[in-house]
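One structure is given here, and the rest of the page talks about it.
The values are calculated or read from the model by the stated rules, or taken from the named source; none is laboratory data. From a predicted model like this one, the values you see are computed outputs, not experimental measurements. Every residue, glycine as well, gets a Cβ built from its backbone with ideal geometry; the counts of neighbours run over all protein chains shown.
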Amino acid sequence: MLFAIGFLVAVLVVACNSATPTAQTSPIVTKVPFIDGERLMYELVDIDGVLIGHGELSAHIEGSRFILTQNYKSVSNEVQSSATDVTDLAVDLTTLAPFGALREARSLNRDGEQDRQVWEWGYSNEGDGDLLTITSVANGANDRDELELQRNYYDNESSLWLWRTLDFNEELDLNYVSVNPIENTQQTVNIQTPAIETIAVPAGTFEAWRLIVRNGRAIRSAWISIDLPHQILQWDNGDIIFRLVDTNN
């Protein structure tokens, strides 16, 4: 598997043993706080605090849609060359309902040759329900999958924007369906914001809601600024930690 592929999936996917939703879910978006042209820069470190990559999250409007872009680059070292992973996801401006995405990951293999993998997916309504269709190309080999979707779903690749749209309060306790097109799965995610904490990241020191993310038996945390536009200050998935470095706002 390409390093870039594992790199991004590890950041955004919470491990889970279940392939389908198991709890009652609901829409979770209250108000979208980010705007056209927003750009946030992050450093990615391992659990020992060693820098392993950089990331940029950006949003821009095209018609009635937001294009949410994730652009990641790993830090090269003696063992691993630099790898890149870029995703452009189209979602509704007000609900963040997904339309489709294109993702491309590139890295050099041990022979010095470039590995390239591309995924493209789209969401459609087939009458009896919504359907996810995924195509992937890995160094010339093609594959295609489909997934019948449960209600109240959002694309996994929108997570770091989606969580910013919540109605933040200490009683918040919601379930929604996270669709992972790369793994062709959908899983129930529970989110709670039990407390406000002070957190220091390279961009500064902030008061933040601590968001608890539960998926199956896995529990992870994100820290989201209490002030608008509710930026993700830090996301810790247990292996890799995002830390906000700078913003264009």
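Scanning the range 39-98 for residues that are outside any strand (DSSP E or B) and of a type in the set (A, V, I, L, M) yields ILE47, VAL50, VAL75, VAL79, ALA83, LEU93, LEU96, ALA97.
For the range 224-242, the candidate set comprises residues that are in a strand (DSSP E or B) and touching a helix residue (DSSP H, G or I) at 6+ places or on another chain (Cβ under 8 Å); within that set, the residue that is surrounded by the fewest Cβ atoms within 10 Å (Cβ to Cβ) is ILE240.
The set of residues in the range 195-224 that are in contact with a Leu (Cβ under 6 Å, 6 or more places away or on another chain) and under 21 Å from VAL32 (Cα atoms) comprises PHE206, ALA208, ALA222, TRP223, ILE224.
Pairs linking a residue in the range 212-241 that is within 18 Å of PRO202 (Cβ to Cβ) to a residue that is assigned to a loop (DSSP other than H, G, I, E, B) and of a type outside the set (Lys, Arg), with Cβ atoms under 6 Å and 6 or more positions apart or on different chains, are ILE224/HIS230; SER225/GLN231.
Within the range 193-210, not a single residue is buried (at least 17 other Cβ atoms within 10 Å of the Cβ), touching a helix residue (DSSP H, G or I) at 6+ places or on another chain (Cβ under 7 Å) and touching a residue at least 12 places away in the same chain (Cβ under 8 Å). Any residue in the range 174-185 that is at pLDDT below 95 and over 25 Å from ASP85 (Cβ atoms)? Looking through the range 174-185, none of the residues is at pLDDT below 95 and over 25 Å from ASP85 (Cβ atoms). Looking only at residues in the range 30-55 that are in contact (Cβ under 8 Å) with a residue 12 or more places away in the chain, of a type in the set (Asp, Glu) and within 16 Å of ILE240 (Cβ to Cβ), which one is surrounded by the fewest Cβ atoms within 10 Å (Cβ to Cβ)? Among them, the one singled out is ASP46. Of the residues examined, PRO27 is not one that is assigned to a loop (DSSP other than H, G, I, E, B), surrounded by 14 or more Cβ atoms within 10 Å (Cβ to Cβ), at pLDDT below 95 and not aromatic (Phe, Trp, Tyr).
Select from the range 78-118 the residues that are modelled with pLDDT of 95 or more, farther than 17 Å from THR135 by Cα and not aliphatic (A, V, I, L, M) and list them in ascending order. If the condition is that a residue be modelled with pLDDT of 95 or more, farther than 17 Å from THR135 by Cα and not aliphatic (A, V, I, L, M), then ASP92, THR94, THR95 are the ones that fit. Considering the range 135-156, the residues that are surrounded by fewer than 18 Cβ atoms within 10 Å (Cβ to Cβ) and touching a residue at least 40 places away in the same chain (Cβ under 8 Å) include one that is nearest to ASN175 (Cα to Cα), namely ASN152. Each residue in the range 115-130 was checked for being among the acidic types (Asp, Glu) and touching a residue at least 40 places away in the same chain (Cβ under 8 Å), and 1 of them qualify.
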